[in-house]
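Let me begin by handing over the structure; questions about it come next.
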Amino acid sequence: MKKDFIKECLSNDAKAQEKLYRLFAPKMYGICLRFAKNRMEAEDILQDGFIKIFTNLKYFRNEGSFEGWIRRTIINTAINHYKKNLRDLNNIAIEHINITNKTDDDIISKLSVDELLELINELPDGYRIVFNLNVIEGYTHKEIGKMLNISENTSKSQLSRAKHNLKKKIIKLKIRSN
Amino acid sequence: MKEKYKNIDNLFKQKFEDFNPEPPGHIWDNVKTNIPVYPKNNIFSNYFTKIFISIIAIIAILIAGYFIFDPFKSSPDDKILNPTTDQTKILFDTNNKIQDVEIREIKTEETFAETKNNIKTNYSENTEFETFDDNLSNNKIPVEKTTANDDLQKNRTNIPESNTDILAQNNSDDLTQYIEIEEVKIENLSDNSETTALITTEENKINSDNEIRKENIDNTKYQNKFKFNPYFSIGVYITPEFIFYPDDSIPNNQSYNFDVSVSYHFSNYYFIQTGLGISFSNDDGKYTIDYERCDYMGSYEDVYDVTFDTTPQGIIPIYHTKTVDVYDSVRHISISQTKNKYTYLQIPLLFGYNFSKNKITYSVKGGPSLSVLLFDNIPDANLQDEYIKIIRINQKMPIRIQTNWQFLVNFGFNYRFSDSFSISMEPSLRYYIRSAYEKKYITTKHPFSVGLRTGVVYKF
């Protein structure tokens, strides 16, 4: 079914192309929202990503998951969008990370997706991208290092900082709610 | 600590697992206006369709060849293969009075007669003389004589009167002489007769006719032995080729062909050949990439405010600054080289002429050949430095068309090292009636290629 679907898209079938977009766009938009600073940038990333997908569709070799291929394309588009801001990641020395207080996991579980999304969006670019790639997308630090052209240690430190940052924000939220 | 972090990880992951918000509508409107138009697929774009059509074409050509050049149709010359063995029927036609031929054996005592100069005697190999008179002079030759009635064997030669070569005169009172010879002059032994008889016996005629017939039969057998029987042969070949584009800046391409060909030799000199081949070729792909590097160039302190402090020394301005990073935003162009690979199916139909000398067969053949593009492998453009923002990618290499026709000429040298097997070497010239690239990109209208086709042929 996947092969026929792609074949229809490559035959300039407008309905098939729209169907492909409607099928995958919501999930990809969710990814874009996590990687972007705000909605406007997320929309830009989604638009650029799908244009890339349709441009390179003829090179898809039916090896592996089609959704996985689309997902990787969107993520790469997001990374390229923030590449310039990731320049300094390698220059950041590995500092000692402040150990935070015990976090109440219940707080996180009570937060809505939009609230979590807002927390993630507030992270600096480098922290946010590494957090998304490792925690939600499941890439290893070695893979993240290759994608972002940074060292494995830098990726680890970025993730630690991201989580530390998130915890601080969550604690603030808890205090506010109390 | 790690465990706590792991909890957070799982919580975030779970929360975003089913996070599928609907994007705004204007995004699809922008995307669909930027979707490229893909080249149309034709009947030949599907791999299995190409193979199927090729097989059908080969079968159709072979069937047409069978009906045109039916090897099993009999010809009038085939009658020669079955000559009659009944010689007597052949020798006599209805005009002759004598209906059968009898061969006479030689018996009886000999008598000697004086010879005259005009008497000539030719003895056949079967002639035998039982006695030999001592008084035989040099000029006397033994002449066999038989009585008229007694010693006649069953086979008696009667000379048809219609034969103008025969002058035999039989007189019942005379001694009749029957001699198994080809030609003889016999003096009539009667006193009054001086007739010189020249007998050319029917035996002679029969023998000579037999000899002629035998010769004809032998010739026929000879002809049948060396009569040409049409046959098939199959060969497996490999051909490296160089393709030339004289009028363009495209570098010359190379290709490697592997093919299986079937030849039908329907006469001693002429044959028809077809087959299926796979050709692998490549060319250099070229992309120009417009990009921005976003390199960090440095920073400067940007003064956003100035205040003045009053000190004992006087008024001192204080400049309030902020650090501004500067990144390279100049657009760059890079050229990315790739190697494009193509796989073609080739279907030739060639007509040829050949002749053999000793163990070598020389041939020349020519005809059209159809190439159908089966696969192409065109890598994407790539840049070593990933820390860039790509603006635009242009593919500079022309696009290849799905099918193209060529005219092929081969000169063959075939060395036969057994009855069935031979090796073949064929310098070839291929003239492209239509280029493999789209016309608007190429100046050279008719590229050409040269190659050396080498293979093994089996005759059956």
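For B:I347, are the conditions met, namely being modelled with pLDDT of 85 or more, more than 28 Å from A:I150 (Cβ to Cβ) and of a type outside the set (F, W, Y)?
yes
Continuing with this model, one more query. Give the residue, chosen from A:L116, A:L133, that is within 12 Å of chain B (Cβ to nearest Cβ) and closer than 18 Å to B:L11 by Cα.
A:L116
I'm trying to understand the selection: among the residues of region A:43-55, which are more than 7 Å from chain B (Cβ to nearest Cβ) and of a type in the set (V, I, T)?
A:I45, A:I53, listed by residue number.
Where in region B:350-460 are there strands (runs of 3 or more DSSP E), lying wholly inside it, with at least 2 residues that are within 18 Å of B:V260 (Cα to Cα) and modelled with pLDDT of 85 or more? Quick ask: steps written out before the conclusion?
On the way: elements: B:360-377, B:389-395, B:403-416, B:421-432, B:448-459.
The strands (runs of 3 or more DSSP E) meeting that bar are B:360-377, B:403-416, B:421-432, B:448-459.
Which count do you get for residues in region A:146-178 that are under 19 Å from A:H81 (Cβ atoms) and not in a loop (DSSP other than H, G, I, E, B)?
Filtering region A:146-178 down to residues under 19 Å from A:H81 (Cβ atoms) leaves A:146-150, A:155, A:158, A:162.
Next cut, not in a loop (DSSP other than H, G, I, E, B) only: A:146-148, A:155, A:158, A:162.
So the answer is 6.
Applying the selection to region A:15-42, what residues are of a type outside the set (K, R), within 9 Å of another protein chain (Cβ to nearest Cβ) and either over 15 Å from the mean Cα position of the chain (by Cα) or not in a helix (DSSP H, G or I) (or both)?
Scanning region A:15-42 gives A:Q17, A:E18, A:Y21.
Being at pLDDT below 85 and not polar (S, T, N, Q) is the filter here; which residues of region B:221-240 pass it?
B:K221, B:Y222, B:K225, B:F226, B:K227, B:F228
The values are calculated or read from the model by the stated rules, or taken from the named source; none is laboratory data. Keep in mind it's a predicted model, so treat the numbers as computed, not measured. So basically every Cβ, Gly included, is an ideal-geometry build from the backbone, and we count neighbours across all protein chains shown.
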